[in-house]
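Asker: Before anything else, here's the structure in question.
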Amino acid sequence: MKALVYTGTMESEIRDVPEPVAGADDSIVDLACCGICGSDMHAWHGHDARRVPPLVLGHEAVGHVIAGPDKGKRVAINPLMTCGSCPACVVGATHLCPSRELIGMRVPGAFAEQVAIKTSNLTVLPDHLGFAQAALAEPLACAVHTVRLAMRSATKAPGESRLVVLGGGAIGLLCAQVARHFGYADLWIAEINPLRRDMLEKASGARAYDPLSETPDDKPVDIIIDAVGAAVTRKTASALVTPGGVIVHIGLQDNNDGLDARRITLQEIIFQGSYCYSEQDFADSLSLLADGVVTGEGWVEMRPLAEGAKSFVDIHEAAAPPKIILDTDL
Ligand SMILES: [Zn+2]
Ligand SMILES: [Zn+2]
């Protein structure tokens, strides 16, 4: 079968690869589409030691089951594989399983015609939910998880809080859409790309601002979601959040610097990491898509898998919308 293979730093190409073989409890999914994630970009830049080329990346995937109990059905893939029996898995915190694994990390991912995955990782889609929308389930689940973590730590009700998202990529935008749905009306997104700010306001209802020239400082910022995760955004978050406020860190651009541990200590700021999602977050994400609460309208572009290699370059050169979804239906 054909697949887009990450072949080395900043390189990928369409290659013929072996068809997946179903293990015990696996299904085979004939993929319809798969979104390009920031973490795929991170790997393509050669910054993820876990993703070693040659490797088929991609984990934001949907398709038809062609082998397995759900044969013939349209499904979304939860790409997070967990043991199911450790203390974290038993309480539903599957994303904290010590043996967690994603497709497209050490096992082949979904920028391909087919993928093998445990049947328990599949959710049958409602008929009215199109593949392109359903492919947002995985990044949206990350956003649902992130906003829930913020709400768990926050001391004020959503309607009385100001929430600022740093970074208007797909995750930042989805976090803003989810936050709005959960009742945060005083909502801001910091985005340095002027071409994106208009689109962000339309898609999320948040106020998009340029963090290089503006600060939302007329009122305290209760929650900051750092959807970039760079030294500069951690520095901004550390300075901007109100005493007793919450920073949720989901971006992973770089690992070091920026956090003001002294201010975090003296002002009792809560710093919370966010990684993936629970099974419940993933199920709720699909409901938000099925109910039309979150859509990719105005910020998602579909491209054929054949344009996958070029799409990575376009995203790298900031010549792409926040989300490109590759149509893998060859
Ligand atoms: Zn992702
Ligand atoms: Zn486990």
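Asker: Can you tell which of Cys83, Trp44, Val115 lies farthest toward the positive end of the dipole of region 1-123, using +1 and -1 charges on the Cβ of basic and acidic side chains (Lys, Arg; Asp, Glu)?
Answerer: Farthest along the dipole direction, towards plus: Cys83.
Asker: Output the pairs from Lys73/Lys118; Lys73/Lys323; Lys202/Lys323 with a Cα-Cα distance over 18 Å in this structure; if there are none, say none.
Answerer: Lys73/Lys323
Asker: In terms of Cα to Cα distance under 18 Å, which lysines are near enough to Lys2, apart from those fewer than 8 places away along the same chain?
Answerer: Within reach: Lys310.
Asker: Of the peptides 163-172, 32-41, 241-250, how do they stack up when ordered by the mean number of other Cβ atoms within 10 Å, highest first?
Answerer: 163-172, 32-41, 241-250
Asker: Also: To make sure I understand, if each residue's beta carbon is the centre and we count other beta carbons within 10 Å, what order do Glu113, Glu101, Glu317 fall in, fewest to most?
Answerer: Glu317, Glu101, Glu113
Asker: Scan the chain and hand back the longest stretch that contains none of the chymotrypsin sites (Phe, Trp or Tyr not before Pro) lying in DSSP loops with at most 15 other Cβ atoms within 10 Å.
Answerer: Within the chain, the longest run free of exposed chymotrypsin sites (Phe, Trp or Tyr not before Pro) spans 1-181.
Asker: Which one, Ile192, Ala203, Gly159, projects farthest toward the positive side of the charge dipole computed for region 140-273 from Cβ point charges (K/R +1, D/E -1)?
Answerer: In region 140-273, that residue is Gly159.
Asker: To the nearest 0.05, how large is the calculated FRET efficiency for Arg263 and Ile192 if R₀ is 22 Å and r is the Cβ-Cβ distance?
Answerer: With R0 = 22 Å, the Cβ-Cβ based efficiency is 0.40.
Asker: Output needed for region 1-43: three equivalent-ellipsoid semi-axes, defined as square roots of 5 times the C-alpha gyration tensor eigenvalues, in descending order, whole Å.
Answerer: Equivalent ellipsoid of region 1-43: 23, 14, 10 Å, largest first.
Asker: Something else about it: Students often forget the sequence filter, so: which lysines lie under 20 Å Cα-Cα from Lys235 once same-chain residues fewer than 8 apart are removed?
Answerer: Lys219
Asker: Looking at the square roots a ≥ b ≥ c of the eigenvalues of the Cα gyration tensor of region 181-291, which shape do they give, rounded for a/c under 1.5, prolate if a/b is larger than b/c, or oblate?
Answerer: In terms of gyration-tensor shape, oblate.
Asker: To the nearest 20 debye, what charge dipole does region 32-80 have about its Cα centre, counting +1 at the Cβ of each Lys and Arg and -1 at the Cβ of each Asp and Glu?
Answerer: That gives a dipole near 180 debye.
Asker: Rule-of-thumb check for the chain: C-alpha Rg over 2.2 N^0.38 Å?
Answerer: This ratio for the chain stands at 0.97.
Each value in this text was obtained by applying a stated rule to the coordinates, not by laboratory testing. Because the structure is predicted, anything quoted here is derived from the model rather than measured. Ideal geometry is used to build each Cβ from the backbone, glycine not excepted, and the neighbour counts take in all protein chains shown.
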